[in-house]
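*Asks:* What follows is a single structure, and I will ask about it in a moment.
The values are calculated or read from the model by the stated rules, or taken from the named source; none is laboratory data. Bear in mind the structure is a predicted one, so any value in this text is a computation, not a measurement. As a convention, Cβ positions derive from the backbone with ideal geometry for all residues, glycine included, and neighbour counts pool all protein chains shown.
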Amino acid sequence: MPPLTRWFVKSSLIYLIAALIVGAVMALQGVLPLPAGLAALGPAYVHLFMVGWVSQLIFGVVYWMFPKYSRAKPRGSEGLGWATYGLLNAGLILRVVGEPLIALRPEAGLGWLLALAALCQWLGGLAFVLNTWGRVKEK
Amino acid sequence: MPRLSCWFIRAALIYLAAGFTFGALMLFNKGVPLTPALWRLLPAHMEFLLLGWTAQLAIGVAFWILPRFGSARGNEPAAWAAFALLNAGVLLAGIGPLLAAPPLFFALGRLAEVGSAVALAVHAWPRIKPPGA
């Protein structure tokens, strides 16, 4: 398993745990006297699960197991692969931190955090598509 | 990788790019408001990423790697039907609400998605077998 795949898969496991913790905390809201602001974690819960866990696990396994791009570059561009990892994770963390902060303190002028998160995740997704496209080929 | 898997996986990558683009626009708009109209992308964002990307990639890989019958992959027309129905369904159910199409488009999209799942099961069921069977 290549190093980048190990980073993707181990990170995805951490996001799975994080997503389920957030889900559990949100569920406890109906049982314990927790702050009402926790409802703002809904989008973070969904995206920790679907981007951090599901998509990131897929990205790691695809990078590892899809047909070779070429003999010289079996996994396509390693740089694009690492860019995917860095941008996706930077964007997701910015979102997960920024979204509740903005919900709790809308006057703080932190909207740029979400704009930056959006840009990072979008570029990360496009880098993955670009690097994977050439590896989808008939035998 | 067989031809049909290439079609499934390339379509999945296109939906990933489109779904991420829609999501990025909405998230940007949440932080730095541009126009409330961008929230209309939400149904397409979810449909494209859950079914167009995740489910379609899984189906494409399953067609490629599930056990075969010698060199044959069994009922291939059913798998092609799953591909056509899934993509028709995702487009109708995802883009219909975005374009304010009549609710019938959304319902037809969801029905096509059900049809794709049935076609997939018809194709894949016999391939889920012990080695050599």
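*Asks:* Here is a list of conditions, (1) touching a Pro at 6+ places or on another chain (Cβ under 9 Å); (2) within 14 Å of another protein chain (Cβ to nearest Cβ); (3) modelled with pLDDT under 95, and residue B:63 meets all of them except one; can you say which number that is?
*Replies:* (3)
*Asks:* For residue B:99, are the conditions met, namely being facing chain A (nearest Cβ under 8 Å) and more than 12 Å from the chain's Cα centre (by Cα)?
*Replies:* No, not satisfied.
*Asks:* Tell me which residues, restricted to the range A:104-127, are under 13 Å from residue B:31 (Cα atoms) and part of a helix (DSSP H, G or I).
*Replies:* Within the range A:104-127, A:106, A:107, A:108, A:111, A:112, A:113, A:114, A:115, A:116, A:117, A:118, A:119 meet the criteria.
*Asks:* Name the single residue that is nearest to residue A:128 (Cα to Cα) among those in the range A:87-114 being free of Cβ contacts under 8 Å to residues at least 12 places away in the same chain and of a type outside the set (A, V, I, L, M).
*Replies:* Checking each candidate, the answer is A:112.
*Asks:* Right, residue A:37: in a helix (DSSP H, G or I), more than 13 Å from the chain's Cα centre (by Cα) and loosely packed, with under 14 Cβ neighbours inside 10 Å or not?
*Replies:* yes
*Asks:* Just one of A:101, A:130 is modelled with pLDDT under 95, surrounded by fewer than 20 Cβ atoms within 10 Å (Cβ to Cβ), more than 7 Å from chain B (Cβ to nearest Cβ) and in a helix (DSSP H, G or I); which is it?
*Replies:* Result: A:101 is the single residue among A:101, A:130 that is modelled with pLDDT under 95, surrounded by fewer than 20 Cβ atoms within 10 Å (Cβ to Cβ), more than 7 Å from chain B (Cβ to nearest Cβ) and in a helix (DSSP H, G or I).
*Asks:* If you don't mind, another one. Out of (1) more than 9 Å from chain A (Cβ to nearest Cβ); (2) under 18 Å from residue B:109 (Cα atoms), the odd one out for residue B:68 is which?
*Replies:* Of everything listed in (1) more than 9 Å from chain A (Cβ to nearest Cβ); (2) under 18 Å from residue B:109 (Cα atoms), residue B:68 misses just condition (2).
*Asks:* Condition (residue is in contact with a Leu (Cβ under 9 Å, 6 or more places away or on another chain), crowded, with 18+ Cβ neighbours inside 10 Å and not in a helix (DSSP H, G or I)) applied to the range A:45-60: is it met by at least one residue?
*Replies:* For the range A:45-60, residues in contact with a Leu (Cβ under 9 Å, 6 or more places away or on another chain), crowded, with 18+ Cβ neighbours inside 10 Å and not in a helix (DSSP H, G or I): absent.
*Asks:* Here is a check on your reading of the model: is residue A:110 crowded, with 19+ Cβ neighbours inside 10 Å and within 13 Å of chain B (Cβ to nearest Cβ)?
*Replies:* No; evaluated as a whole, the condition is false for this residue.
*Asks:* Right, here's the next one. Looking for whichever is within 18 Å of residue A:130 (Cβ to Cβ) and either more than 9 Å from chain A (Cβ to nearest Cβ) or modelled with pLDDT of 95 or more (or both) here; the options are B:44, B:18. Which one fits?
*Replies:* Unique residue meeting the criteria: B:18.
*Asks:* A further question on this structure: If residue A:30 satisfies all but one of (1) part of a helix (DSSP H, G or I); (2) closer than 27 Å to residue B:42 by Cβ, what's the number of the condition it fails?
*Replies:* Condition not satisfied by residue A:30: (1).
*Asks:* Output the qualifying pairs, or none if there are none: Cβ atoms under 7 angstrom, residues six or more apart or on different chains, first residue in the range A:66-86 and away from chain B (no Cβ under 14 Å), second residue surrounded by fewer than 14 Cβ atoms within 10 Å (Cβ to Cβ).
*Replies:* Going by the 7 Å Cβ cut-off, the qualifying pairs are A:74/A:68.
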